[in-house]
Amino acid sequence: MTPNPLLVPEDEAAAWTGRPGVTIRRWAHEGRIHRYGKGRGRVRYNLWELPQKRLNEATGETILGPPPPLPTARAA
């Protein structure tokens, strides 16, 4: 069962993943994640679809999760 979407703006999605906002927009364009809304400042992304960054406690280094998978091509 998938939890209800937790919709956040691009800057919060970027902070959650540890990646820049342009990467979040690219993932949405490629179909890896869903984009909700239209217009500048009104677009939201589902936080549950995004990989969370982690922190290595020993080194203090940020560990990025793998990117969301590309959508599979549909047969014609």
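The values are calculated or read from the model by the stated rules, or taken from the named source; none is laboratory data. From a predicted model like this one, the values you see are computed outputs, not experimental measurements. Because the Cβ atoms are built from the backbone with ideal geometry, glycine has one as well, and the counts that use them run over all protein chains shown. Accessible surface is based on the protein model in full, side chains and every heavy atom, while ligands, DNA and RNA are left aside. Shrake-Rupley method; radii C 1.70, N 1.55, O 1.52, S 1.80 Å.
Below, the figures for the structure above:
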{"item": "Highest average packing first - 24-31, 49-56, Cβ atoms within 10 Å", "result": "24-31, 49-56"}
{"item": "Cα-projected label distance for Leu64 with Tyr36, points at 7 Å along beta-carbon direction, nm", "result": "2.5"}
{"item": "Test item: Cα-centred dipole of the chain, Lys/Arg +1 and Asp/Glu -1 on Cβ, debye", "result": "440"}
{"item": "Under the Debye formula (equal points on every Cα, no solvent term), log10 I(q)/I(0) of segment 1-43 at q = 0.17 Å⁻¹", "result": "-0.47"}
{"item": "Globularity ratio of the chain, using Cα Rg and 2.2 N^0.38 Å", "result": "1.20"}
{"item": "Residue-averaged [θ]222 nm for the chain, counting only DSSP H segments that reach four residues, each worth -39500 (n - 2.57)", "result": "-6500 deg cm²/dmol"}
{"item": "Residue-span extension gain [Val22 to Gln52] - 0.36 nm each, minus C-alpha spacing", "result": "9.1 nm"}
{"item": "Per residue value of the accessible surface for segment 1-66 (all protein chains in place, 1.4 Å probe), Å²", "result": "73"}
{"item": "Portion, in percent, of the accessible area of the chain that falls on carbon or sulfur, probe 1.4 Å", "result": "54"}
